[in-house]
Amino acid sequence: MRTYRAAGQGSVEPLGVEGSTIVPASTKSIASDWKHGASSNSVWQSMFYYNCTNYTMSRFHTNFMDADGSLCSKVMFVGSVAVFLVGLAVVLSASLGTVASGKDTVVFFVVGDWGRQGTVNQTGVAKLMADVGRSKVPQFVISTGDNFYPNGLNSTDDKLFDLSFKNIYSGKALQVPWYAVLGNHDYGDGYLGYCENDESKTACDRSPKHQLGQALAARDPRWYCQRRYTKRFGNGLVDIFFIDTSPMVLEYHSMEWGKYPGGITEQSWEAQLRELETDIQSSKALWKLVVGHHPPRTNGDHGNNPDLMQHLEPILKAGKVNAYFSGHDHNLEHLKCSDLDTEYFISGAGSDCDRGFKGNTDSMFQYQYSGFTAVEVRSNDMKVDFYSLEGGPSKPIYTTVLK
Ligand SMILES: [Zn+2]
């Protein structure tokens with residue numbers, strides 16, 4: 001039995017019609033039809049007649065000349081129709097609901113826990129994102145981590161980068177920057193050995209560092225991942241703070257995979273949190289968002305994380321962070337906690353899902369199947385839409401608006 005719950009404060013809103021761009025008929029075909037359509041010719045002429053007695057004929061224009069020699073009016077007609085259709089396309093495009101980043105709007109997608117070489121719905125979610133992106137055009141995509149299953153990358157040449165990212169997210173709308181954070185699987189928290197996806201068994205160098213430098217960007221310029229960084233959008237509209245939450249989970253420090261090169265035990269999670277706090281406090285943006293792999297609270301199968309509740313939540317609270325986006329739990333969730341102003345969004349449904357829920361504490365919405373999240377930030381509000389494979393691209397299965 002499927003678990004699906006949407007609380008009353010959320011609502012479902014129609015997104016509009018897919019592929020809303022109207023392509024005007026070419027002027028060439030219009031001219032051709034007109035040339036051979038004597039009966040309709042007079043009607044159109046009466047509608048679009050212009051006085052052009054001083055018009056200078058050229059060799060190009062003779063191609064459009066009719067038997068009655070009314071060249072100028074016909075050329076003007078073609079131009080008028082073209083202008084009319086282009087204008088119509090613009091009006092219809094707007095009325096059908098196309099949304100894109102602009103002077104006062106930032107649009108982006110959030111997807112997590114995806115890298116499975118296209119299997120278990122990863123390709124389906126990628127297509128869903130591309131389809132939604134036709135009418136809701138993202139400026140960038142955020143990955144909430146666990147980018148490459150099961151154990152991250154073996155090297156910067158690892159073919160998993162192509163098989164799980166480059167070749168999968170090939171849709172037009174997804175050819176934008178991807179801002180990623182690391183998840184525990186990117187460190188090597190898998191069920192297999194250290195080098196199981198290194199066919200040669202000679203060049204294995206498993207490390208989360210492979211995702212952080214410029215090497216992957218050379219293979220695909222969309223890719224951007226650092227341990228901790230800040231991106232600012234919309235000239236003060238929204239600042240997004242990206243953090244690496246795995247080192248903050250203290251049980252990971254004793255794991256074997258936590259000791260891989262560049263791993264958990266080589267970092268100071270306290271220093272990273274201090275830097276995050278400084279950056280958030282100094283931000284003057286209207287909207288402050290934080291992105292990390294682990295959710296402090298969740299109704300998913302991983303459960304609440306006491307380390308993050310103790311160390312991260314006070315920073316979110318003091319910094320008046322509007323929303324925190326994460327993955328790790330393979331589902332879609334929206335939580336509003338009575339003791340926090342920061343709203344929690346979990347978007348970890350980029351591939352393998354269907355793990356159920358432990359409960360529904362503080363839940364506004366929770367859904368255990370594959371999908372992703374689309375966000376529109378404006379000065380007065382921030383709209384968050386959840387899309388699923390079941391619901392399709394034409395409308396979200398859940399929408400909430402933060403003020
Ligand atoms: Zn994870």
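Quick notes on this structure:
- Any hit, the stretch 105-127, residues being at pLDDT below 95 and either within 21 Å of G171 (Cα to Cα) or outside any loop (DSSP other than H, G, I, E, B) (or both): no
- Filter result (assigned to a strand (DSSP E or B) and either surrounded by fewer than 20 Cβ atoms within 10 Å (Cβ to Cβ) or in contact with a Pro (Cβ under 6 Å, 6 or more places away or on another chain) (or both)) within the stretch 364-398: E376, R378, K383, D385, F386, Y387
- A count restricted to the stretch 145-169 and to residues that are in contact with a Lys or Arg (Cβ under 8 Å, 6 or more places away or on another chain), within 16 Å of the ligand (Cβ to nearest atom) and not hydroxyl-bearing (S, T, Y) stands at 3.
- Only one of the numbered conditions (1) within 16 Å of the ligand (Cβ to nearest atom); (2) surrounded by fewer than 24 Cβ atoms within 10 Å (Cβ to Cβ) is not met by T119, and that is (1).
The values are calculated or read from the model by the stated rules, or taken from the named source; none is laboratory data. Because the structure is predicted, anything quoted here is derived from the model rather than measured. For neighbour counting, all protein chains shown are included, and Cβ atoms are generated from backbone atoms with ideal geometry for every residue, glycine included.
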